[in-house]
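Data first, discussion second: the structure below is written as structure tokens.
A short reminder: the numbers here are calculations on the coordinates, not readings from a lab. These numbers were taken from a predicted model, which means no experiment stands behind them. Note that each Cβ is placed from the backbone with ideal geometry, even for glycine, and that neighbours are counted across all protein chains shown.
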Amino acid sequence: MVAMRQRAPKRPAAERKRLIIESAQSVFAASGYANAGTDEVARGAGVAPSAIYRYFPSKRDLYLATLRDAGPRLVALWREAAGRAGDPLETIWEIGLQYYDHVNTRSPFTHLWFTALGDTSDPEVQSIMASSYLAMIGVITGLLEDGQQRGLVRTDVDPRTAAWHFMSIGATFDLVHQLGLDSELDRPRVEAWGRLYIESLRKAPHGTAAASL
């Protein structure tokens, strides 16, 4: 008598949902929302196509879930860095370089995040993206305000405007990478740009002039 093949143990629901979201991030990043197929997402997650719809009623719901998952993960990394003691300006420097390195690993997350900006005609996509960007702005603004209170950052600088300046540098990393122009901003150039930004914010010692962009 031939023994019946044992079925692989069924994954917990939370684990299946996590695998679906992670697979969807890669698929949406590679193909865009319009061209992404849920069958491909299912293959990447190791689940049946029908399993996706147990957790997400539609492809759009799955897409929104991937965006809701991606933004807070990046914000959490920034908040972790901001929570460490040290010079707030050097913390901003480290966050910027880490983001540059992350972009250059060809991470699906950064590609997904950049391409999602083209879908902001959808009010829910716009809301998710705006919320995450404002959270990132909040982290950098808080670091700059802390620096001002500690006498490390120029008091004539508006922290929120400077935070948006920081974000614009990150957006340039994304753009250059998406265009395949990585050699335009290699690491030495990025480090020089970052130092120019940081030193433009640093409060100069008495009797010396502050750098400016």
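Per-structure values
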item: Charge dipole of the chain about the Cα centre (unit charges at C-beta), most positive-ward option of 89, 20, 177; result: 20
item: Given charges at beta-carbon only (K, R positive; D, E negative), |dipole| of the chain in Debye; result: 1020 debye
item: FRET efficiency estimate (nearest 0.05) - Cβ-Cβ, residue 50 to residue 79, R0 41 angstrom; result: 0.60
item: Net lengthening on full extension, residue 204/residue 155 (0.36 nm per residue, minus Cα-Cα); result: 16.6 nm
item: Kyte-Doolittle mean at least -1.0, axial Cα span of 15 Å or more - DSSP H helices of the chain; result: 13-35, 59-82, 88-104, 123-149, 159-178, 187-201
item: Kirkwood hydrodynamic radius of the chain, Cα pairs, Å; result: 19.4 Å
item: Protection-proxy order for peptides 187-198, 132-143, 40-51, each taking the mean of Cβ atoms within 10 Å per residue, highest first; result: 132-143, 40-51, 187-198
